[in-house]
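Data first, discussion second: the structure below is written as structure tokens.
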Amino acid sequence: MADTLLFNPRTYDPAQFDPETRRLLRATVDWFEDRGKRRLIEDYRSRAWLADFLAFAAKEGLFATFLTPASAADGKDQRWDTARIAALNEIFGFYGLDYWYAWQVTILGLGPVWQSDNTAARTRAAELLAQGEVFAFGLSEKTHGADIYSTDMLLTPDGDGGFKATGSKYYIGNGNAAGLVSVFGRRTDIEGPDGYVFFAADSRHPAYHLVKNVVDSSKYVSEFRLVDYPVGPDDILHTGRAAFDAALNTVNVGKFNLCTASIGICEHAMYEAITHAHNRILYGRPVTAFPHVRRELADAYVRLVGMKLFSDRAVDYFRSASPADRRYLLFNPMTKMKVTTEGEKVIDLMWDVIAAKGFEKDTYFAQAAVEIRGLPKLEGTVHVNLALILKFMRNHLLHPAEFEPVPTRLDAADDTFLFGQGPARGLGSVRFHDWRPAYDAYAGVPNVARFREQADALCEFVTTAAPDEEQSRDLDLLLAVGQLFALVVHGQLILEQARLTDLDEDVLDELFSVLVRDFSAFAVELHGKDSATADQQRWALGAVRRPIVDEARSERVWERVEALSGSYEMAP
């Protein structure tokens, strides 16, 4: 019986979506499957630009259908629908991060445009999408990274109501081919935030100078320089504080895509790894007969299931967001930080099992092991996103508010709020629904109950032993606290989605046995921090728990893992 929790191209039928979405998702899968594994790997190894993939996407109208909001659409199926965008992220990740990356930076490049009131720029973007063009997001710089307070892209007034833009941008995906690059800069005649500008540039313009690809990859992550690039009124997307907000709100939209790309990578690698291990004989037995191998593969499987459950539920909060409901601002960095680092753990667990096989050039796993590392480091590091998550901890744990339940959001709706998020501030005032009912609903599952003890202990920590004013400047200590909080939020949305999808309780129990171990490990880490007080050290050791062991349950979960052997292999 096929595993219904993982994406499998052989059985994939996205029946939850409308007919055109189903057609495009299935056509994308079929395009990759028809090309075959040999071509997939060879293009990755030879660092070939993605011309044939982009030609396919243009022919099918893939980007135009998925990335044109209804307000700019010329077709009935065009909308910005986070649920189907997430589904496509997973498919692209499954076949190779290079394909996902060209799509991802197109999403980022479109962010400032769809947030803009500039009708000419919006019309131009919609036309370029219809023509199959890609986009780019010109924010980061070689010297400053993504520190937008310090941009050296300078716009000098030209005396005719426009500007001449001069400066460099660095680490800009699609910068070699983008029909429109959203570029962040500042005016030379206005000091402070009022001088910020987001403007549209064309990579084919003579004043746009492509310097190089800064990575050794099919991804074209460019350095480019503008020299007296003419910027007219039709090119101005945002000015002043609105330009600053557009940058941060675009990243809010774009960073969400990293979780489902990570899931796709792990799924493809898992089919390869389990099939190899189960069919490899060592000392007269299949490798999967060894207890430590079973544990590692089972842990990898349930962690991957947890990644999917959390990400699917986060889609619902993203799509249901409004000025009065900004809970997505916590769940978004969680998908970026927590889900992607879980992806690294999944790959590492499987790599420990398959060992040297993971280096072989004819495997997808070899590229998965490399590419999975990038996702926690894109759109803000793990540390940046953990620090962001901490801003929500007290309100989330201790001060719940009343909200109507958020349903599963698979409806064919346009997610208009994502391009009208408003000022990028006030995070400390965001409120959340009570996290406890999600845990209460599964109080009869042993390891959920055990983890709930640890979550309650974290509330006690925040109330009685929280970092003082001096410790609040010790980011090393705070990040350890952030990891503990992230686990509670991770578990909450997993449980909400488990209830909505009637998840097998064996899988849920096994998953929470892993989370209990994770919480204990982070508590021990907090205990060892240089600045941890005696009270904090006592609390940390007191929060350590042992998971509930159930050999029969673990055996039933292992049977699910074992059944993945041979269930999918990409055609040659």
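The values are calculated or read from the model by the stated rules, or taken from the named source; none is laboratory data. In this text the structure is predicted, and so the values were computed from the model without any measurement. So basically every Cβ, Gly included, is an ideal-geometry build from the backbone, and we count neighbours across all protein chains shown. Side chains are part of the model used for accessible areas, which takes the heavy atoms of the whole protein and leaves out ligands, DNA and RNA. Shrake-Rupley method; radii C 1.70, N 1.55, O 1.52, S 1.80 Å.
Which number in (1) open to solvent by less than 40 Å² (accessible area, probe 1.4 Å); (2) over 17 Å from Met393 (Cβ atoms) marks the one condition that Asp504 misses?
Result: Asp504 passes all but (1).
Kindly indicate whether Phe432 is open to solvent by less than 10 Å² (accessible area, probe 1.4 Å), closer than 28 Å to Thr65 by Cα and at pLDDT 95 or above.
Here the answer is no, as Phe432 does not meet what is asked.
Phe199 passes all but one of (1) farther than 25 Å from Ala48 by Cα; (2) open to solvent by 10 Å² or more (accessible area, probe 1.4 Å); which number fails?
All conditions pass for Phe199, except number (2).
If you check Ala273, Ala269, Ala261, Ala243, which single one turns out to be at pLDDT 95 or above, within 17 Å of the chain's Cα centre (by Cα), surrounded by 18 or more Cβ atoms within 10 Å (Cβ to Cβ) and outside any strand (DSSP E or B)?
Ala261
Looking for something of a type in the set (Gly, Ala, Ser), out of contact with any Phe, Trp or Tyr (no Cβ under 8 Å at 6 or more places or on another chain) and open to solvent by 60 Å² or more (accessible area, probe 1.4 Å) - is there at least one such residue anywhere in region 485-498?
No - not one qualifying residue is present in region 485-498.
Quick check, is Ser168 part of a strand (DSSP E or B), touching a helix residue (DSSP H, G or I) at 6+ places or on another chain (Cβ under 9 Å), buried (at least 18 other Cβ atoms within 10 Å of the Cβ) and hydroxyl-bearing (Ser, Thr, Tyr)?
Answer is no for this residue.
In the set Phe392, Phe403, which member is among the aromatic types (Phe, Trp, Tyr) and open to solvent by less than 30 Å² (accessible area, probe 1.4 Å)?
Going through Phe392, Phe403 in turn, the sole match is Phe392.
Anything in region 521-572 that is out of contact with any Lys or Arg (no Cβ under 6 Å at 6 or more places or on another chain), open to solvent by less than 20 Å² (accessible area, probe 1.4 Å) and either closer than 30 Å to Glu469 by Cβ or not in a loop (DSSP other than H, G, I, E, B) (or both)? List them, or say none.
Once the filter is applied, which keeps residues that are out of contact with any Lys or Arg (no Cβ under 6 Å at 6 or more places or on another chain), open to solvent by less than 20 Å² (accessible area, probe 1.4 Å) and either closer than 30 Å to Glu469 by Cβ or not in a loop (DSSP other than H, G, I, E, B) (or both), region 521-572 yields Ala523, Leu526, Ala532, Gln536, Ala540, Ala543, Arg553, Val557, Val561.
Could you please find all residues in region 3-22 being closer than 23 Å to Asp77 by Cβ and either open to solvent by 50 Å² or more (accessible area, probe 1.4 Å) or in a helix (DSSP H, G or I) (or both)?
Asp13, Ala15, Gln16, Pro19, Glu20, Thr21, Arg22 - these are the residues of region 3-22 that are closer than 23 Å to Asp77 by Cβ and either open to solvent by 50 Å² or more (accessible area, probe 1.4 Å) or in a helix (DSSP H, G or I) (or both).
Please go through region 531-572 and give me each residue that is within 31 Å of the chain's Cα centre (by Cα) and among the polar types (S, T, N, Q), ordered by number.
Ser554, Ser565, Ser567
Among the residues of region 23-34, is there at least one that is part of a loop (DSSP other than H, G, I, E, B), surrounded by fewer than 19 Cβ atoms within 10 Å (Cβ to Cβ) and not hydroxyl-bearing (Ser, Thr, Tyr)?
No, there is no match, as no residue in region 23-34 is part of a loop (DSSP other than H, G, I, E, B), surrounded by fewer than 19 Cβ atoms within 10 Å (Cβ to Cβ) and not hydroxyl-bearing (Ser, Thr, Tyr).
Please state which of the following conditions Gly161 fails to meet, knowing it meets all the rest: (1) in contact with a helix residue (DSSP H, G or I) (Cβ under 7 Å, 6 or more places away or on another chain); (2) open to solvent by 40 Å² or more (accessible area, probe 1.4 Å); (3) within 23 Å of Thr106 (Cα to Cα).
Gly161 satisfies every listed condition except (3).
Return yes or no: is Thr381 of a type in the set (S, T, N, Q), within 24 Å of Leu248 (Cα to Cα) and either in contact with a His (Cβ under 9 Å, 6 or more places away or on another chain) or open to solvent by 10 Å² or more (accessible area, probe 1.4 Å) (or both)?
yes
For Lys336, indicate whether it is farther than 30 Å from Val287 by Cβ and either crowded, with 23+ Cβ neighbours inside 10 Å or of a type in the set (Phe, Trp, Tyr) (or both).
In short, yes.
Looking only at region 471-484, which residues are open to solvent by 10 Å² or more (accessible area, probe 1.4 Å) and in contact (Cβ under 8 Å) with a residue 40 or more places away in the chain?
Gln471, Asp474, Leu475, Asp476, Leu478, Leu479, Gln483, listed by residue number.
Using the structure shown, decide if Asp234 is acidic (Asp, Glu) and in contact with a helix residue (DSSP H, G or I) (Cβ under 6 Å, 6 or more places away or on another chain).
yes
Inside region 497-516, can you point out the residues that are closer than 15 Å to Arg556 by Cα and assigned to a helix (DSSP H, G or I)?
Glu505, Asp506, Val507, Leu508, Asp509, Glu510, Leu511, Ser513
List the pairs whose first member sits in region 355-373 and is among the aliphatic types (A, V, I, L, M), whose second member is surrounded by fewer than 13 Cβ atoms within 10 Å (Cβ to Cβ) and part of a loop (DSSP other than H, G, I, E, B), and whose Cβ atoms are under 7 Å apart, counting only residues at least 6 apart or on separate chains?
Once the first residue is among the aliphatic types (A, V, I, L, M) and sits in region 355-373, its partners that are surrounded by fewer than 13 Cβ atoms within 10 Å (Cβ to Cβ) and part of a loop (DSSP other than H, G, I, E, B) give Ala366/Glu360.
Each row is one residue, and each column tells you yes or no for (1) over 26 Å from the mean Cα position of the chain (by Cα); (2) open to solvent by less than 20 Å² (accessible area, probe 1.4 Å); (3) without any contact (Cβ under 8 Å) to a residue 12 or more places away in the chain.
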| site | (1), (2), (3) |
| --- | --- |
| Ser140 | no, no, no |
| Ile148 | no, yes, no |
| Asp152 | yes, no, no |
| Val181 | no, yes, no |
| Gly195 | yes, yes, no |
| Glu223 | no, no, no |
| Pro230 | yes, no, no |
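Mind checking which pairs have a first residue in region 544-572 that is under 14 Å from Arg295 (Cβ atoms) and a second that is basic (Lys, Arg) and open to solvent by 60 Å² or more (accessible area, probe 1.4 Å), Cβ under 7 Å, 6 or more apart or different chains?
Note: pairs meeting the criteria are Pro547/Arg517; Trp558/Arg294.
Got a sec? Which of Phe198, Phe244 is under 17 Å from Pro112 (Cα atoms) and out of contact with any Leu (no Cβ under 7 Å at 6 or more places or on another chain)?
Selected residue: Phe244, the only one of Phe198, Phe244 that is under 17 Å from Pro112 (Cα atoms) and out of contact with any Leu (no Cβ under 7 Å at 6 or more places or on another chain).
Only one of these conditions is not met by Ala207: (1) open to solvent by less than 40 Å² (accessible area, probe 1.4 Å); (2) aliphatic (A, V, I, L, M); (3) within 28 Å of Gln421 (Cβ to Cβ). Which number is it?
(3)
Let me confirm something: among Leu397, Leu386, which residue is in contact (Cβ under 8 Å) with a residue 24 or more places away in the chain and either under 21 Å from the mean Cα position of the chain (by Cα) or at positive phi (or both)?
Leu386
Name every residue in region 442-451 that is aliphatic (A, V, I, L, M) and in a loop (DSSP other than H, G, I, E, B), in order of residue number.
Ala443, Val445
What are the pairs, 6+ residues apart or on separate chains, where a residue within region 155-173 that is closer than 20 Å to Ser222 by Cβ has its Cβ under 7 Å from a residue that is open to solvent by 20 Å² or more (accessible area, probe 1.4 Å) and basic (Lys, Arg)?
What qualifies is Ser168/Lys142; Ser168/Arg225; Tyr170/Lys142; Gly173/Lys219.
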